[in-house]
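The values are calculated or read from the model by the stated rules, or taken from the named source; none is laboratory data. The shown structure was predicted, so the numbers you read here are calculated from the model rather than taken from an experiment. For neighbour counting, all protein chains shown are included, and Cβ atoms are generated from backbone atoms with ideal geometry for every residue, glycine included.
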């Protein structure tokens, strides 16, 4: 099943029957320098009927030794999905303001905890507007979904698993290449990367308008990273700073038929143990 849906496709689905789609707004920014917080963005403009889910509070647990965005508790995910009106078999469409970083995290978390049909609006709110979709500031009433959260719906690795994939398969580092090399580190206290990882900046997955590359282009991109088109499950994983943009990498790999694992703790967890090695450079 594809993970992406175009704005035109979503518009057509909503015209046919808006009741068949649960819309989830995950507008989000990592830093205040990137603009207003996601909830403020949502309050100003969102798809009609969409409910907002807070990435930091509902799609992640409290920061600590598990990283800056560790996995949330199952009950938090269930409560958020129910408030949006979702059941486990609902057709859920998640979106953010454009590049799909927050939306990809929502896609991964919802799928991991038991949602069977989750799509990411390719290009987000910007693509929706460009396709003629309307927006609103009106807040919908809370939904009453029956979603039950059960972990294990998608592949997940811990620090030891990520190190093993780096040795035996392909571990992709989704951060900017400067952070991978250890030349800069604007967020975490230690610079560098997991030894054996391959640099694969998430921004390479996107067109200038923040829509994903086509399947053929993504397949070529990942081929250049050393990933075969039929990579067996368990041989590819992705990490980033805190497990958000790495979900974007996993989504892009899913689009070309590769089911990669997510190292949810990512770099921000890796460096909490000083015995874990750190590499710099290419």
Original post:
within 24 Å of residue 142 (Cβ to Cβ), surrounded by 14 or more Cβ atoms within 10 Å (Cβ to Cβ) and in contact with a helix residue (DSSP H, G or I) (Cβ under 8 Å, 6 or more places away or on another chain): does that describe residue 45?
Top reply: yes
Original post:
Which of the helices (runs of 4 or more DSSP H) contained wholly in segment 1-75 include at least 3 residues that are more than 28 Å from residue 259 (Cα to Cα) and either without any contact (Cβ under 8 Å) to a residue 12 or more places away in the chain or not assigned by TED's automatic domain parsing to the domain that holds residue 258 (or both)?
Top reply: 7-16, 38-44
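So that you can scan it fast, the table gives a plain yes or no per residue for (1) crowded, with 22+ Cβ neighbours inside 10 Å; (2) under 19 Å from the mean Cα position of the chain (by Cα); (3) modelled with pLDDT of 95 or more:
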residue: 73; (1), (2), (3): no, yes, yes
residue: 92; (1), (2), (3): yes, yes, yes
residue: 102; (1), (2), (3): yes, yes, yes
residue: 106; (1), (2), (3): yes, yes, yes
residue: 113; (1), (2), (3): yes, yes, yes
residue: 117; (1), (2), (3): no, yes, yes
residue: 131; (1), (2), (3): no, no, yes
residue: 155; (1), (2), (3): no, yes, yes
**OP:** Among the residues of segment 82-105, count how many are in a loop (DSSP other than H, G, I, E, B) and under 23 Å from residue 204 (Cα atoms).
**Re:** 5
Original post:
With 180, 222 as the choices, which residue is crowded, with 22+ Cβ neighbours inside 10 Å and farther than 27 Å from residue 2 by Cβ?
Top reply: 180
Original post:
Only one of these conditions is not met by residue 82: (1) under 24 Å from residue 5 (Cβ atoms); (2) crowded, with 17+ Cβ neighbours inside 10 Å; (3) in contact with a helix residue (DSSP H, G or I) (Cβ under 8 Å, 6 or more places away or on another chain). Which number is it?
Top reply: (3)
